[in-house]
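The block underneath contains the structure these notes are about, expressed in structure tokens.
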Amino acid sequence: METHSKDTLVIAGRSFHSRLLVGTGKYKDGAQTEAALAASGAEVVTVAVRRVNLDRSKESLLDFIDTSKYFLLPNTAGCYTAEDAIRTARLGREVGLSDWVKIEVIGDQKTLYPDVAATVEATRVLVKEGFTVLPYTSDDPVVAMRLVDAGAAVVMPLGAPIGSGLGIQNVANLRILRELITSVPLIVDAGVGVPSDAALALELGYDAVLMNTGIAGANDPVLMASAMKHAVIAGREGYLAGRMPRKLYATASSPVEGISR
């Protein structure tokens, strides 16, 4: 366990022990949100700027997130243009949420696929303004490289459409991305439905997983949060350990060589 304890996720110079990043939407109430966050073991918690009640005289989602324990990552969910995402990120910083931002610019309302051109544009502008930008994007390797060139602190390709729970649908592209992008962390964002999906992402060499619905949409969100925590740990340790070679035929686990007859 010593190797794992020293194996940290580093984003823009900041270290995190947990490789599970979680969202805060879709829970039945604040108490369940709070319990699920605790069970997940996550350190980074993302909140939609547009869905946070910034009038602290009323109950707010932020009342259930202990900012001394969690690192707050505002996101631009609900934005459909680069200009809107940039404005929302600036608002989050102005009200004191963070100068880190998860950029989401949706290009299609039905599929919730990202508008990658607008995402690159918003990333470039916000990086110049001093933001640490974590963009949600497609699994297109060329777009990923454009985001790195624009100054993104990480690249976060989708595993499947947002909220679908389909798991990782394009393993080949994610493998290509892992080979091409080595200068910043890669985080699978969207589509995770069960713990094995999260484990697979880490086994592929991805640095972390970000999820919301996979936990909040479960019958028991708190138990699922715990399961996702352990899946991410297992996937990462499996990746570091290095899998055995694949073989077409069987190899006896107790070889007969050296056994007296």
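Observations, loosely collected:
- Output for region 207-226, where each listed residue is open to solvent by less than 40 Å² (accessible area, probe 1.4 Å), more than 17 Å from Val44 (Cα to Cα) and assigned to a helix (DSSP H, G or I): Pro221
- Restricting region 132-149 to residues that are open to solvent by 10 Å² or more (accessible area, probe 1.4 Å) and among the hydrophobic types (A, V, I, L, M, F, W, C), the residue that is farthest from Ile11 (Cα to Cα): Val142
- Hey, Ser183 open to solvent by 20 Å² or more (accessible area, probe 1.4 Å), within 27 Å of Gly217 (Cβ to Cβ) and either in contact with a Phe, Trp or Tyr (Cβ under 7 Å, 6 or more places away or on another chain) or in a loop (DSSP other than H, G, I, E, B) (or both) or not: no
- Failed criterion for Ala85 (all others in (1) crowded, with 23+ Cβ neighbours inside 10 Å; (2) out of contact with any Cys (no Cβ under 7 Å at 6 or more places or on another chain); (3) closer than 19 Å to Ala190 by Cβ hold): (2)
Yes/no per residue for (1) among the small types (Gly, Ala, Ser); (2) part of a loop (DSSP other than H, G, I, E, B); (3) at pLDDT 85 or above; (4) within 21 Å of Gly205 (Cβ to Cβ):
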site: Asp7; (1), (2), (3), (4): no, yes, yes, yes
site: Tyr27; (1), (2), (3), (4): no, yes, yes, no
site: Ala42; (1), (2), (3), (4): yes, yes, yes, yes
site: Thr46; (1), (2), (3), (4): no, no, yes, no
site: Lys58; (1), (2), (3), (4): no, yes, no, no
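- The selection criterion, being outside any strand (DSSP E or B), over 26 Å from Leu174 (Cβ atoms) and under 20 Å from the mean Cα position of the chain (by Cα), does not hold for Gly130.
- Filter result (in contact with a helix residue (DSSP H, G or I) (Cβ under 6 Å, 6 or more places away or on another chain) and open to solvent by 50 Å² or more (accessible area, probe 1.4 Å)) within region 111-124: Glu121
- Across region 80-95, not a single residue is classified as in contact (Cβ under 8 Å) with a residue 12 or more places away in the chain and within 17 Å of the chain's Cα centre (by Cα).
- Residues located in region 34-43, provided they are free of Cβ contacts under 8 Å to residues at least 60 places away in the same chain and either touching a helix residue (DSSP H, G or I) at 6+ places or on another chain (Cβ under 7 Å) or open to solvent by less than 10 Å² (accessible area, probe 1.4 Å) (or both): Glu34
The values are calculated or read from the model by the stated rules, or taken from the named source; none is laboratory data. Computed from a predicted structure; not experimentally measured. Every residue, glycine among them, receives a Cβ derived from its backbone with ideal geometry; neighbour counts consider all protein chains shown. Calculation scope for accessible area: heavy atoms of the full protein, side chains included, ligands and nucleic acids excluded. Shrake-Rupley method; radii C 1.70, N 1.55, O 1.52, S 1.80 Å.
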